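One structure below.
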Amino acid sequence: MSQWTEYQQPYTVATQPAAGPPKPGMPWWRPTPLWVGLLILSVMLGGTAAGLLYADNTRLLANNRDLTRQLQAAQGQIVQLQASNADLDNRLQRQTEANDSLRTELKKPTLEIWNVPQTIDGPSFLLEGGLPDTFTYHLKASAEGAPMSISLMTYEQYGSGLDCIHNGRGSTNYCMTHNGIRHWTSVTSVNEDLHEAEGCAGFMLVWTAAARTTVKPDISVTYNPADHGTC
């Protein structure tokens with residue numbers, strides 16, 4: 001037996017300390033490569049999304065400006081179309097009025113029948129003419145020189161005036177102004193509408209003067225038949 005005594009130490013298993021709160025000064029979480037990668041990926045994705053949103057917003061703003069310009073142009077065209085439409089309405093109204101006037105004129109036309117100046121050489125001379133049947137006679141004339149006299153009469157009264165002249169009862173001027181229905185005696189101008197012939201063909205006008213004068217007529221007639229006889 002040796003003098004040395006051998007002792008065998010019993011085997012013990014190392015145990016981990018129980019979990020508990022982190023010690024002061026130590027981080028509660030330590031980043032790992034996986035978490036760092038995920039964080040970087042999240043930042044990249046967020047930046048990409050922000051870039052896409054910015055680009056989409058820029059495109060929408062550009063589209064909005066373009067639509068605004070198109071709207072303004074359309075509004076300008078609408079104003080022009082409204083002005084053109086108003087002008088067309090005015091032109092149509094004027095044309096309608098002109099057509100109505102033309103229809104009236106066609107139904108009752110006005111015709112110029114005497115506008116050439118003629119001279120009455122003195123009290124023994126006359127001018128005469130009949131009033132057309134179914135027409136309004138527009139008596140308009142002036143005298144240059146001595147005053148003129150105008151007599152509206154029937155053909156029978158005209159015959160009586162001629163008898164007066166031939167029988168020596170007076171001058172032409174006297175006899176004609178003392179026969180007839182109506183007289184404009186010693187006037188320098190006349191402007192009147194005569195309706196006697198609208199329903200009768202039996203009237204005439206006789207022009208005389210006490211001295212030499214020139215008659216300047218502007219005589220016209222309008223078709224206007226009466227609904228009853230005017231003789």
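The values are calculated or read from the model by the stated rules, or taken from the named source; none is laboratory data. This one's a predicted model, so the numbers in the text were calculated from it and none came from an experiment. Neighbour counts are summed over all protein chains in view; Cβ atoms, including those assigned to glycine, are modelled from backbone coordinates with ideal geometry. Heads up: the accessible areas ignore ligands, DNA and RNA and are worked out on the full protein's heavy atoms, side chains in. Shrake-Rupley method; radii C 1.70, N 1.55, O 1.52, S 1.80 Å.
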So the carbon and sulfur contribution to the accessible area of the stretch 108-154, 1.4 Å probe, in percent, is 55 percent
One finds the C-alpha centres of the stretch 57-87 and the stretch 107-156 to be spaced, in Å, by 68 Å
Simple spin-label estimate for ARG65/VAL190, 7 Å along Cα→Cβ, in nm, reads 8.4 nm
Sorting ARG182, ARG212 on solvent-accessible surface, 1.4 Å probe, most exposed first, gives ARG212, ARG182
Per its Cα gyration tensor (rounded if a/c is under 1.5, else prolate when a/b beats b/c, else oblate), the stretch 80-212 is best filed as prolate
Yeah, the stretch 154-197 with a ≥ b ≥ c from its alpha-carbon gyration tensor (a/c under 1.5 is rounded, else prolate when a/b outruns b/c, oblate otherwise) is oblate
Given 133-139, 153-159, 204-210, 86-92, the highest-first ranking by average Cβ count within 10 Å works out to 204-210, 133-139, 153-159, 86-92
Full extension between ALA201 and GLN93 adds, at 0.36 nm per residue less the Cα distance, a length in nm of 34.9 nm
Applying the gyration tensor rule to the Cα atoms of the stretch 103-180 (axes a ≥ b ≥ c; rounded if a/c under 1.5, else prolate if a/b exceeds b/c, else oblate), the class is oblate
